[in-house]
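Taking it in order: structure first as structure tokens, then the write-up.
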Amino acid sequence: MIRLHILASGSGGNAAIVETGTTGEGVLIDCGICKRDFFARAEEAGFDLAGLRAVVVTHDHGDHTKGMGVVLRGLAKAGVVPTVRTSAAIFAASAPLRDAVASVDAPFAPFAAGDVLELAGLVVRPFRTSHDAAESYGFRFDELEGGESDSLGYVTDTGIMTEEARDALAGVRLLALESNHDVRMLEAGPYPYVIKQRIASERGHLSNAQAAEVLGRLAHNDLRHVAAMHVSQENNTYRLPRETFEAVIAEQGLATTVSVAFQNRLVTIE
């Protein structure tokens, strides 16, 4: 079965590893954290980095890419050079990402929405999200193990949930879903007005209330675990998304486990 190791999630830096149940291989989603934290949390998760086969990048913002160079070079020293996949527009917009790939001569291939990628024994389907980046993507991961299918949906950094995204995430067993801010906390918080507008816009981040509406549509009897992602440390608390998600799950009478991803702490869902 698929496991998701969320190494870090938030505006300070993001990284997560999708691990396959059949082979123990994995795919890294983004890398906006330092080498020390990356290696320490991967070890804490029990994931053998020798099995890291690929990296997929959601978008070009620094909190998702700034650690890529030091991490790829650290992996290369251990003999691990994963394939890097992102869109052509993201690659062109991110000098840190281009430099990271060049520094270890990592294989690179662009993807587009609707493509079907085969990475580390997983079928990976990128879909567009709505964020103020060159382009931004979420992912659906599917694995076939012993004749049974397993699936994970991963979506952060989006101001709205498009129908394309909802379709891609339908029926997943595991769901990592952005729940960035509380609207009232954002309005009353310390950010400049223009930043508040950006966060709350259709190209910003999902609020707790928006995430709850999305979860209400995506929840089903076989959804086993949902994690609230990219929680703002200034405009949210870790308690609010958990309670919001738990209320949705309780209303639908489901047995889904709810977790919250942290900025500085490993969280694994499976």
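We did not get these values from a lab; they are worked out from the coordinates using the rules stated. Quick caveat, the model's predicted, so the values are computed rather than measured. Note: ideal-geometry Cβ built from the backbone for every residue, glycine included; neighbour counts use all protein chains shown.
Quick one: among 219, 133, 247, which has the greatest mean-square fluctuation in a GNM of the chain with alpha-carbon springs under 10 angstrom?
The residue that fluctuates most here is 247.
Where does the charge balance sit around residue 55 when Lys and Arg score +1, Asp and Glu -1, over other residues with C-beta under 10 Å from its C-beta? List each step's numbers first, then the result.
Values: positive: 53, 85; negative: 30.
Neighbourhood net charge equals +1.
What's the local net charge at residue 135, with K and R +1, D and E -1, over the other residues with C-beta under 12 Å away?
Numbers: positive: 128, 203; negative: 60, 132, 157.
That works out to -1.
Mean residue ellipticity at 222 nm from the helices of the chain, using -39,500 (n - 2.57) per DSSP H segment of n ≥ 4 over the full residue count, to the nearest 500 deg cm²/dmol? Don't skip to the answer; put the middle values down first.
Working: 10 runs with 86 residues, N = 270.
My calculation for the chain gives -9000 deg cm²/dmol from helical runs alone.
When we measure straight from the Cα of residue 77, which lysines land under 25 angstrom away, once same-chain ones fewer than 8 places off are left out?
35, 66
Compare 246, 43, 178 in a GNM of the chain, Cα atoms joined below 10 Å, and give the one with the largest fluctuation.
Checking each option, the largest mean-square fluctuation is seen for 43.
So which residue, out of 96, 241, 126, gets the largest mean-square fluctuation from a GNM of the chain using Cα contacts under 10 Å as springs?
96
Identify which of the listed values of Rg and Dmax of the Cα atoms in Å was calculated from the structure shown: (i) 17.5, 57; (ii) 17.2, 53; (iii) 23.0, 84.
Computing Rg and Dmax of the Cα atoms in Å and matching it to (i) 17.5, 57; (ii) 17.2, 53; (iii) 23.0, 84 gives (ii).
Using the alpha-carbon centroid of each, what span in Å lies between segment 124-154 and segment 251-265?
Their Cα centres are 19 Å away from one another.
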